[in-house]
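Reading through the structure tokens given below for one structure.
The values are calculated or read from the model by the stated rules, or taken from the named source; none is laboratory data. Given the structure is predicted, the values throughout are model-derived calculations rather than measurements. Cβ coordinates were reconstructed from backbone atoms using ideal geometry, including for glycine residues, and neighbour counts include every protein chain displayed. Note: areas computed on protein heavy atoms with side chains; ligands, DNA, RNA excluded. Shrake-Rupley method; radii C 1.70, N 1.55, O 1.52, S 1.80 Å.
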Amino acid sequence: MASTIEYRTCPFCEATCGLELHLNANKVTLVRGDRDDVFSQGFLCPKGTAFGHLEDDPDRLRTPQIRDRTTGQWRSVDWPEAFAAIEKGLAPILADGDRNAVAMYLGNPNVHSLSMLIYNRVLIKGLGSENIYSASTVDQVPKQVSSGLLFGSSLTVPIPDVDRTDYLLILGANPFVSNGSLCTAPDLPGRLRALIKRGGQMVVVDPRRTKTAEEASEHLFIRPGTDAYFLFALVNVLFAENLVNLGRLSDHSIGLDEVRSLADEFTPEAVEEICRIDAETISRVARELSRAKRAAVYARIGTCVQEFGTLASWLVDVINVLTGNLDREGGAMFPNPAAGGSRPDAKSGPGRGVSFGRRQSRVRGCPEIYGEFPVACLAEEITTPGSGQVRALITVAGNPAVSTPDSDVLNQALASLDFMVSVDIYRNETTRHADVILPAPSLLARSHYDIAFYQLSIRNIANYSPALVPLADHEMPEWEVLLRLGAIVSGLGSEVDPAALDDALATMFIERSIQRADSPISHLTVEEVLQHLGQRRGPDRILDLMLRTGPYGDVFTGDGGLTLDQLEDNPHGIDFGPLQPRVPEVLRTPSGKIELAPEPIVADVDRLSSALSQYKNYELVLIGRRDLRSNNSWMHNIKILVKGKDRCTLQMHPEDATRIGIQSGQVVRVISRVGELEVAAEVTDSLMPGVVSLPHGWGHSGDETQMAVAESRAGVNSNILTDGSLLDPLSGNAVLNGIPVEVSLVS
Ligand SMILES: Nc1nc2c(c(=O)[nH]1)N[C@H]1C(S)=C(S)[C@@H](COP(=O)(O)OP(=O)(O)OC[C@H]3O[C@@H](n4cnc5c(=O)[nH]c(N)nc54)[C@H](O)[C@@H]3O)O[C@H]1N2
Ligand SMILES: Nc1nc2c(c(=O)[nH]1)N[C@H]1C(S)=C(S)[C@@H](COP(=O)(O)OP(=O)(O)OC[C@H]3O[C@@H](n4cnc5c(=O)[nH]c(N)nc54)[C@H](O)[C@@H]3O)O[C@H]1N2
Ligand code: SF4
Ligand SMILES: [Mo]
């Protein structure tokens, strides 16, 4: 059979690169960057190249699996048997009347999947449990809390306009390796190099001299967990030196005076020792930020997975506002995504704002956050007896046994569950605890559209990838799997008609779209819209609805505006251009303004303030790190991505190594309050003294898992060391960096 060339968006990270896939007999024979992709223009990283290897990985699950609890043996079963087993396992637990007894955990790949983003909601709703957890609380939720409070919606996150800025201050992000996060920009490294080449500046604040720091105009080491102090001191200088200039935003902001007084005590001199950045440098950075023609502050996971994550995230945007850089070209801007954005005639005015803390977790009393509890609470909810105890768990595309704090405890908790179901492509450290694993189809058999990442993108882009091959007989689309699970947990049983459920869901989406304030289709009936949407089913139908009613959509008039058909005709994507100012229309706060000093944040400043005078000076603290050929915990089973030198090492500064008597290659024991492990040391001056670094996502034990390559390069799980009792209280996000540890030589 002749080979064909097809184009599709890479689903492995937030960069949304276009792939050029060479297919022969439905198998990927070559992967290249799609040079005609309107956004990525041929850029590709090693993970994208591995697309075909993932498809062909013999360990990737193809059929549902059931585990025999007595023998521990796994066997492949057909779909009806798998669903029947799930119904049998969950029904008695749900029949007890306590919906909270079944918990759900959603992992990172959910956000990269059109099916999962839309259809998980059905499952969550059907389940009706308060015990919903996700990878968000080991990642970006502090930014969603600060954005929610400042701008009125958890998804209204300002994105640095890297292509047009003159000065970029980056904290706690390593886009030369991660390829960007909460900043969708294929070839972000190239874009950052271009910024420097055109005479701009990039200043990186990071406890490690990362690849991004090496390429920067300037790198400042910062003590882990102290970004909020550094950022507050920048605010302090802006006020003290009369550098505050909101420009157009002064009419659209409230709370400026409060910010000024909150920043009073955080002078550069007061914070320099804590941050380990001298006062003069802090003042200089503040001046540079305010004087640059166009500047942006961008911060990512390093500033989120820490004790003051929400405060740090908030301060980033406060500075963008104070320097007049929010919502202006070259500053930090709001995308207007083709699916989910606002139409040109959208009205501005007060909105509902965000709400959280509507209930508390049963054991620890942690506040709910956007419908979830912190995943750091999951283990105790499973192991603590009493009414509301979690007895069963559904995981969808997640590996919490490796990616969330205090892993040893969670692993034991997972082993104690009465029943567990996982929707996943591997039998890994988490899914090995399941009674039933439901696989996902081949990537080629799914359609793809990045609903989530175009909301966080530096240009307004739309790019759709249709399914390229038909489903194999043994495959079931993920959306159907989720609908069927939803039917089981809501009591409809396993023998339902998924097409009817899908119609009901589409109808609900259409009704909501018609009823929305400002709806461009309020004159249409559900039936008319269904007719316009034609033969498509599943997520594609709902996507078409979103695109056609979105900012560039045709609103079912056939006027040439955006439709899914149009995207199918443009396999390299459509570029709707650079970001445009969106304030005030984008704001959804109760005041209709940017609320610079929201009450929950103001209250939290007290905590920062008290810590100022009693900052604990630990000899060694642990941070994480990412590697270009890795993707959290789940791409270690692909040979070309894990070959070469061991990457799961404990990096430490020569001064620390000498003091303890350690040389590169020697095995060291690392002990934290909650756990210990042994790992090879790597001595390097790329870390600041007093900081050690271990990547997360490793520790692929051979116990009952089916990932031969990963097991042969097992590494250790850094989350055995991270302490589940440490949270950013406002967001419930886990503290994964700055963990106090002791390191000694294993004799
Ligand atoms: N110490 C420390 N811990 C961290 C971090 C850190 O920096 N330091 N980072 C955190 C961050 S940012 C994140 S996002 C989390 C990630 O946390 P998780 O999402 O829990 O972990 P992943 O490793 O991304 O696991 C993804 C799972 O999805 C499965 N999967 C992959 N593709 C598909 C698919 O198409 N369908 C289905 N059904 N399943 C699929 C994989 O097999 C794997 O089981 O980890 C967090 N943990
Ligand atoms: N290759 C690869 N790419 C990925 C992933 C992957 O695992 N591998 N994961 C994806 C996911 S899920 C995410 S969320 C993104 C994350 O994307 P990024 O946020 O860019 O991720 P990191 O590379 O972990 O960068 C975080 C940086 O914060 C630094 N840091 C640690 N503690 C602190 C601190 O207290 N303050 C400051 N200022 N810095 C600190 C670390 O040294 C590190 O350099 O990457 C995505 N892309
Ligand atoms: S940078 Fe991200 S989207 Fe681009 S090829 Fe690599 S993994 Fe895929
Ligand atoms: Mo993440």
From the list LEU238, LEU220, LEU195, which residue is more than 16 Å from ligand 1 (Cβ to nearest atom), out of contact with any helix residue (DSSP H, G or I) (no Cβ under 9 Å at 6 or more places or on another chain) and among the hydrophobic types (A, V, I, L, M, F, W, C)? LEU195
Please determine, by comparing only the residues of region 703-747 that are open to solvent by 50 Å² or more (accessible area, probe 1.4 Å), modelled with pLDDT under 95 and in a loop (DSSP other than H, G, I, E, B), which one is farthest from GLN651 (Cα to Cα). GLU704
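Let's see how each residue does on (1) modelled with pLDDT of 95 or more; (2) in the same structural domain as ARG391 (by TED's automatic domain parsing); (3) away from ligand 4 (no atom under 16 Å from the Cβ):
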position: VAL77; (1), (2), (3): yes, yes, yes
position: ALA82; (1), (2), (3): yes, yes, yes
position: ALA95; (1), (2), (3): no, yes, yes
position: ASP98; (1), (2), (3): no, yes, yes
position: VAL102; (1), (2), (3): yes, yes, yes
position: SER113; (1), (2), (3): yes, yes, no
position: TYR119; (1), (2), (3): yes, yes, yes
position: ILE124; (1), (2), (3): yes, yes, yes
position: LEU127; (1), (2), (3): yes, yes, yes
When restricted to ASP227, ASP187, ASP257, ASP206, the only residue without any contact (Cβ under 8 Å) to a residue 24 or more places away in the chain and outside the structural domain of CYS17 (by TED's automatic domain parsing) is ASP257
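Got a sec? Which of GLN73, GLN65 is more than 13 Å from ligand 3 (Cβ to nearest atom) and surrounded by fewer than 21 Cβ atoms within 10 Å (Cβ to Cβ)?
Exactly one residue qualifies, and that residue is GLN73.
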The condition from (1) touching a residue at least 12 places away in the same chain (Cβ under 8 Å); (2) assigned by TED's automatic domain parsing to the domain that holds ILE382 that GLY52 misses is numbered (2)
Has region 379-396 got at least one residue that is of a type in the set (S, T, N, Q), at pLDDT 95 or above and buried (at least 24 other Cβ atoms within 10 Å of the Cβ)? yes
Starting from region 292-309, take each residue that is away from ligand 1 (no atom under 15 Å from the Cβ) and list its partners that are part of a strand (DSSP E or B) and charged (D, E, K, R), counting only C-beta distances under 8 angstrom and pairs at least six apart or across chains. PHE308/ASP728
Enumeration of residues in region 186-233 that are within 11 Å of ligand 2 (Cβ to nearest atom), open to solvent by 20 Å² or more (accessible area, probe 1.4 Å) and among the charged types (D, E, K, R): ARG208, ARG209, LYS211, ARG223
Would you please name the residue that is most open to solvent (accessible area, probe 1.4 Å), looking only at residues in region 280-321 that are within 16 Å of ligand 4 (Cβ to nearest atom), in a helix (DSSP H, G or I) and of a type outside the set (A, V, I, L, M)? GLY302
Among the residues of region 133-168, what is the count of those that are part of a helix (DSSP H, G or I) and open to solvent by less than 10 Å² (accessible area, probe 1.4 Å)? 9
Going by the structure shown, is SER348 surrounded by 22 or more Cβ atoms within 10 Å (Cβ to Cβ), of a type in the set (S, T, N, Q) and farther than 17 Å from VAL138 by Cβ? no
Region 88-122, residues that are closer than 25 Å to GLU14 by Cα, open to solvent by less than 10 Å² (accessible area, probe 1.4 Å) and away from ligand 1 (no atom under 12 Å from the Cβ): MET104, ILE118
What is the number of the single condition among (1) within 16 Å of ligand 3 (Cβ to nearest atom); (2) surrounded by fewer than 19 Cβ atoms within 10 Å (Cβ to Cβ); (3) aliphatic (A, V, I, L, M) that ILE5 does not meet? (1)
